[in-house]
Structures are given as structure tokens and as C-alpha cells.
Amino acid sequence: MKVYLLLISSLLSFLSCDSSNSQNQKATPTSSLTDQADTIFHPLSDAVVGAYHRAIEDYYNKNLVRTGFNGAILVAKNGKVLFEDYRGLYDFAKKEPITEHTPFHLASISKTFTGMTILKLYEQGRLSLNDSLTKYFPQIPYKGITVQMLLDHRSGLPNYLYFMDSIWNKKQKATNEDVLNFMIVHKPAIMSPAGRSYHYCNTNFVLLALIIEQLTKQPFPTYMKDSVFMPLGLVDTYVFSAADTANYIPTYSVTRPFPMDHLDCTYGDKNIYSTVRDLFQWDRVLYENIFLKKSTLDLAFTPYSNERRSMHNYGLAWHLYFNNGDTVVYHNGKWHGSNTVFTRLVQDTATIIVLGNKVNRNIYSAKQMSSIFTGRLDTSHLEE
């Protein structure tokens, strides 16, 4: 730890000397999808990029490579990739290596795409955040829940990952419609009254995906590909569904693959597959307000669960962490052998992306690399 702190101190000293060479310059956004970007990235000199690269590589080797990391990593600042690496196997049976085009199951990072797509439909006037859940699902036995409560996890709904384990035939792959119909028929008990408190719940985003399907008249995987992923340049990103089971690539524990189970075909809360490069593009899209207006993103990055005083909170489809004036907008994911991290250090316009397909809890400690940018060692844990 002392060596790591000395490395950070040396890096910050070097960067402060170099900053005068870059602070007076501004980079021009390269995307053709927006007329004006609110975030303008300052360019980084080759020397600064090299210094960041060495510090990140040191952390990576000591904390991930040494613990058997199998996956992909990309760390960027000001729209510039500082460090990128691919390690291990994608398909252990075929000995297929991981490359820059290898899509990983994002697990709950998928919620950021589902949530921001809902907000896009909100911008287009196709829904209101105050719409009642019963507007879209008249038979659902839960009253007073709004679209916003689904986005900020204040719906009070029970988590389908648990109630679908009760009497569901586990030989049958459940779909989003199956989850909805199970709730209508069996009425699993709520966690709390609507709006009363924060309860992280995957059911919310299963229902949001169904709302997207209702409004667009398209299957969620099709709409996301044609109206979100491809227009934004996310060329290796897709939604996995029941139609794709023949092409399922398992994730892994230390010694064995995880087989498909009865909850592996629901989407919205999970089942978006992507690469570190596509997530880096998603990050730029958000910084440059390409997909959503700044005012809409401000809504997404506002904390809505303030009944408990904490550095941790939740916005609309994003976890939030506030520390000494620094804001971290992030989402992590965990499903079978997938451990995924998407951490956005807003004040530093820096991003840490780590995707793994073999169980490695050290991936969730990647936020410690934020000290390379902030100059403060922060060992607190983000929500998995």
C-alpha cells in the first residue's frame, strides 16, 4: 500500500508539471450524432498518458493478474484510452481467447442501457415518469407504482430472482412475459409500499423492458440493436434472449462452467452483452450528451433515496457515490461467473471498465484506481 501511495504521489507531481502544456487546449468532439456537446475533453500529452498507463498497469498486475483475472479491462480519461488489456479465454471448451471484440454478459450494467432508453422515450414524449405501472399492465396487482419508481428502485416490488424459484418449473426458461404473468396470477408479497423506501430489485427492469416493447411495438433485443446500439456505434453489443440459447457461451467458476438455468433468458435487468470498447463508447455518448439531453441526464444522476444519510445512493438506473466533492456514477454487475465494473469518475472525466467471465471478486475493487486520478486513496466499496 505504501508503494502504491508513493506511485500516486509521483504521478500527481509529474502531471502537475505537465498540465500547463495541455490545459489551454480543447479537443473537438468527433461524433456526428450531436450538434453540440456539453463536455469538451482536454487533450492529454503523450507523457501524461504514459504516466497514467504505468500507474494503472502496476495496479492491474498486482491486484487482478495475480488473482487469476480472466477478462478485459479499459481505463480512460478525457476521452483517451490510457490502458487496455485482454487476458484469458472466452470459451474454455474451444480454447477461444478473449479479444477486443469478445462480448461479455454485463449482468446489471445492462440496467444502464434499459434505463437510459426509457429516458429517451420520455424525452420523445412517449411516456411520463409519473405513468402508473397499471397503465401498461392493467392486471398487475400492485398499485401506486410509477415508471420512475421502477428506475430508482423505490417500487417496493419483490425480486423475481427469488419468487420465480418458488413454484416455477425450472426445466422451462422464463421470459419477461412469464415473470409478469407469474406476478398477476400468484401475487407475490411486496417488499414495502410504493415509494416508501429503496429496495434494489431486478423485477423493475424486467418490467421496463416490457414497457419499451409496448411503446415501440418491437421486441426489446431488436429495438435496442436498431435504435440504440448501432446508431451509437456499439458494434459488438446485443441483447441475449430465448432465441439465442443454442449459442450460449457459459461463464465460469474456478473449476467449472455455469450451465444455463431457468432465469437466463430474461432481459432488461441483465442479458446485454458488450465489450470494454463499446462501453467506452457508451461512456463518451453520455459525457457528450449524444443520446440524451444534459437536463435528462441530470435527472438520472440525481439521488432519490435520501431516507438514510450515506455516501451511497441511487439515481435513475445508476448507482451514485459521493466522496469529498467527487461524484462517482457507476453500475456493477454479477451473474453466474460474470463480475463486471463500469465506474465513471465525473469530476475527472475518467472511466474504469472491467469485465470478467470467471468468478473474481477482486474486480469489484477496481475503484481503488480512482486514486490515480483524484490523489486520494479510497478503499470504500461500491455496490456489487
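The values are calculated or read from the model by the stated rules, or taken from the named source; none is laboratory data. Model, not experiment: these values are computed from the prediction. We place every Cβ from the backbone using ideal geometry, glycine too, and count neighbours over all the protein chains shown.
The lone criterion from (1) touching a residue at least 12 places away in the same chain (Cβ under 8 Å); (2) assigned to a loop (DSSP other than H, G, I, E, B) left unmet by P138 is number (1). Among the residues of the range 157-184, just one is over 16 Å from V206 (Cβ atoms) and aliphatic (A, V, I, L, M), namely I167. Evaluating Y162 against the criteria (1) within 25 Å of H312 (Cβ to Cβ); (2) of a type outside the set (D, E); (3) buried (at least 21 other Cβ atoms within 10 Å of the Cβ) leaves one unmet condition, (3). In the range 198-225, of all residues being in contact with a Lys or Arg (Cβ under 8 Å, 6 or more places away or on another chain) and not in a helix (DSSP H, G or I), the one that is surrounded by the fewest Cβ atoms within 10 Å (Cβ to Cβ) corresponds to H199. Between L286, L320, L279, the distinction of being of a type in the set (A, V, I, L, M), touching a residue at least 12 places away in the same chain (Cβ under 8 Å) and assigned to a strand (DSSP E or B) belongs to L320 only. If I filter the range 19-38 for residues that are out of contact with any Ser or Thr (no Cβ under 9 Å at 6 or more places or on another chain), part of a loop (DSSP other than H, G, I, E, B) and at pLDDT 95 or above, do I get at least one hit? Scanning the range 19-38 turns up no residue that is out of contact with any Ser or Thr (no Cβ under 9 Å at 6 or more places or on another chain), part of a loop (DSSP other than H, G, I, E, B) and at pLDDT 95 or above. Would you pick out the residues in the range 214-262 that are of a type in the set (D, E) and under 21 Å from the mean Cα position of the chain (by Cα)? Once the filter is applied, which keeps residues that are of a type in the set (D, E) and under 21 Å from the mean Cα position of the chain (by Cα), the range 214-262 yields D226, D236. Could you please find all residues in the range 347-376 being aliphatic (A, V, I, L, M) and part of a helix (DSSP H, G or I)? Once the filter is applied, which keeps residues that are aliphatic (A, V, I, L, M) and part of a helix (DSSP H, G or I), the range 347-376 yields I363, A366, M369, I372. Take the residues in the range 351-365 that are hydrophobic (A, V, I, L, M, F, W, C) and buried (at least 23 other Cβ atoms within 10 Å of the Cβ); name whichever of them is nearest to L106 (Cα to Cα). Looking at the filtered set, the residue picked out is L355. Here the condition is being surrounded by 14 or more Cβ atoms within 10 Å (Cβ to Cβ), on the phi < 0 side of the Ramachandran plot, in contact with a His (Cβ under 6 Å, 6 or more places away or on another chain) and not aromatic (F, W, Y); of L127, L82, L64, L121, it holds for L82 alone. The number of residues in the range 304-318 that are farther than 19 Å from F113 by Cβ and under 17 Å from the mean Cα position of the chain (by Cα) comes to 2.
Checking each residue in the range 356-381 for being within 20 Å of R66 (Cα to Cα) and either touching a Pro at 6+ places or on another chain (Cβ under 9 Å) or aromatic (F, W, Y) (or both) picks out N357, Y364.
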